[in-house]
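K.L.:
Attaching a single structure in structure tokens format; questions to follow.
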Amino acid sequence: MRSAEISRKTNETNISVFLNIDGTGNVNCRSGNGFFDHMMNSMGKHAGYDIEIKCDGDIYVDFHHSAEDIGIVLGKAFAECTKDKTGIKRFGLAYTPMDEALAMSAVDVSGRPFLVFNGDMPAERVGEFETELVEEFMRGFAMNALITLHVNVLYGKNTHHIIEAVFKSVGRALADSTKIIGSDLLSTKGVL
């Protein structure tokens, strides 16, 4: 079982994460923000990953520190789960619609962290969630997961639908990239 448990405490957040990438999509996220919890549930369900997140953050300020730090800790857990990349598919791609919105995510479990995020959000907030935090979360996750992640919102009008399409497409691309498909390391260099 490829799983990891990571904790991180700062002056702004206290976070614990359990991640099992060989799971069934069972997610329990208690971040302090209902919309973000819903998005993490969507991502984990579509990845088929078991995820447990507990975050006590300074949400009296706003949700920025919590979203970014959850990305960091979840990314570190993902890096731990994929430290042995032998046999994984490595690349994942998913186009995911959510009603009128369409998002595309591409993943390379390369050991080289990078994020490309192209997505305009029509509204600044969905409930108590600031929509600019989608990119902040994805950056924290990609940099600490040691993956290359490209996220593109192709179109959409409803901000909730756009963000949900993004999280589902990232989940589906991650699921694809971490499948065991053989016994070789998919690298011409022989190392990732």
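The values are calculated or read from the model by the stated rules, or taken from the named source; none is laboratory data. Because the structure is a prediction, the values reported are computed rather than measured. Every residue, glycine as well, gets a Cβ built from its backbone with ideal geometry; the counts of neighbours run over all protein chains shown.
K.L.:
Just checking, how many residues over segment 84-133 are outside any strand (DSSP E or B) and within 29 Å of Arg2 (Cα to Cα)? Break it down into steps so the answer makes sense when it comes.
P.N.:
Here is the first cut: in segment 84-133, the residues outside any strand (DSSP E or B) are 84-87, 89-90, 99-100, 109-113, 119-124, 127-128, 131-133.
Imposing the further condition that a residue be within 29 Å of Arg2 (Cα to Cα) reduces the set to 84-87, 89-90, 109-113, 133.
Going through segment 84-133 one residue at a time, the tally reaches 12.
K.L.:
Still on this model: Taking the criterion of being charged (D, E, K, R) and over 17 Å from the mean Cα position of the chain (by Cα), would at least one residue in segment 46-56 satisfy it? Steps first, answer last, please.
P.N.:
First, pick out the residues of segment 46-56 that are charged (D, E, K, R): 50, 52, 54, 56.
Now drop any that are not over 17 Å from the mean Cα position of the chain (by Cα), which leaves 56.
Within segment 46-56, one or more residues are charged (D, E, K, R) and over 17 Å from the mean Cα position of the chain (by Cα).
K.L.:
Kindly indicate whether any position in segment 42-53 is assigned to a strand (DSSP E or B), modelled with pLDDT of 95 or more and either buried (at least 23 other Cβ atoms within 10 Å of the Cβ) or among the β-branched types (Val, Ile, Thr) (or both). Spell out how you get there, then give the answer.
P.N.:
Going through segment 42-53, the residues assigned to a strand (DSSP E or B) turn out to be 50-53.
Checking which are modelled with pLDDT of 95 or more leaves us with 50-53.
Filter once more, so that each one left must be either buried (at least 23 other Cβ atoms within 10 Å of the Cβ) or among the β-branched types (Val, Ile, Thr) (or both): 51, 53.
Within segment 42-53, one or more residues are assigned to a strand (DSSP E or B), modelled with pLDDT of 95 or more and either buried (at least 23 other Cβ atoms within 10 Å of the Cβ) or among the β-branched types (Val, Ile, Thr) (or both).
K.L.:
State yes or no: is Ile59 among the aliphatic types (A, V, I, L, M), within 21 Å of Ile147 (Cβ to Cβ) and buried (at least 16 other Cβ atoms within 10 Å of the Cβ)?
P.N.:
On the way: among the aliphatic types (A, V, I, L, M): yes; within 21 Å of Ile147 (Cβ to Cβ): no; buried (at least 16 other Cβ atoms within 10 Å of the Cβ): yes.
No: the conditions fail for Ile59.
K.L.:
So, one more: What tally of residues in segment 36-79 results from selecting those that are free of Cβ contacts under 8 Å to residues at least 40 places away in the same chain and either of a type in the set (S, T, N, Q) or in contact with a Pro (Cβ under 7 Å, 6 or more places away or on another chain) (or both)?
P.N.:
Matching residues across segment 36-79 total 1.
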